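Enquirer: Take this structure, written in structure tokens, and hold onto it; I'll ask about it next.
The values are calculated or read from the model by the stated rules, or taken from the named source; none is laboratory data. None of these values were measured; they are calculated from a predicted model. Positions of Cβ are generated from backbone atoms using ideal geometry, with glycine treated the same way; all protein chains shown enter the neighbour counts.
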Amino acid sequence: MNTDRREFLSLAIQPARLTIAETGWYLGFSDHDVSVLASLGLLKPLGHPPLSGSKYFALVELEKLRSDPRWLGRACDTIVKYWKDKNAGRSATGSASKEVSLTSEASDGGRISS
């Protein structure tokens, strides 16, 4: 556990507004997982931040979510599905490009043309 995370989690009184990193530490998710949960509507940032702007989350709302095992289960399932779909798309793209290069090599008999 890094020192910033340890210090934050050991605060007697935590701030009312948490950053993405602090939200991740508080809920037990990574920074990029918090971004995924927010983009898919499982976490609601405060106010109306622009898509590329800094996002903050209300501690009172996070306390409710942290103590809700059904929400935690849904959040975990959502993260797993998101990365599974993203990685499946990546491997499908990679294998498609390999197939194209293999097909082009086979069509010219494997010869190198100059």
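Enquirer: Please work out which residue is surrounded by the fewest Cβ atoms within 10 Å (Cβ to Cβ), limiting yourself to region 20-37 and to residues that are closer than 19 Å to LYS64 by Cβ and of a type in the set (Val, Ile, Thr).
Expert: ILE20
Enquirer: Determine, yes or no, whether PHE8 is surrounded by 14 or more Cβ atoms within 10 Å (Cβ to Cβ) and within 16 Å of the chain's Cα centre (by Cα).
Expert: no
Enquirer: I need every pair where a residue in region 40-64 that is closer than 26 Å to ASP85 by Cα has its Cβ under 7 Å from the Cβ of a residue that is among the hydrophobic types (A, V, I, L, M, F, W, C) and assigned to a strand (DSSP E or B), sequence separation at least 6 or different chains.
Expert: LEU43/PHE57; PRO45/PHE57
Enquirer: Right, something else. Looking at region 73-92, I want the residues that are in contact (Cβ under 8 Å) with a residue 12 or more places away in the chain and assigned to a helix (DSSP H, G or I) and have a partner that is among the charged types (D, E, K, R) and surrounded by 13 or more Cβ atoms within 10 Å (Cβ to Cβ) with Cβ atoms under 7 Å, at least 6 apart or on another chain. Which pairs are those?
Expert: ILE79/ASP33
Enquirer: Here's a follow-up. Checking ASP77 against (1) at pLDDT below 95; (2) under 13 Å from the mean Cα position of the chain (by Cα), which single condition isn't satisfied?
Expert: Going through the list (1) at pLDDT below 95; (2) under 13 Å from the mean Cα position of the chain (by Cα), ASP77 breaks only (1).
Enquirer: Another one. Name the single residue that is nearest to the chain's Cα centre (by Cα) among those in region 11-38 being in a helix (DSSP H, G or I) and polar (S, T, N, Q).
Expert: The residue in question is SER35.
Enquirer: Could you please let me know if LEU42 is at pLDDT 95 or above, assigned to a loop (DSSP other than H, G, I, E, B) and surrounded by fewer than 14 Cβ atoms within 10 Å (Cβ to Cβ)?
Expert: It is false that LEU42 is at pLDDT 95 or above, assigned to a loop (DSSP other than H, G, I, E, B) and surrounded by fewer than 14 Cβ atoms within 10 Å (Cβ to Cβ).
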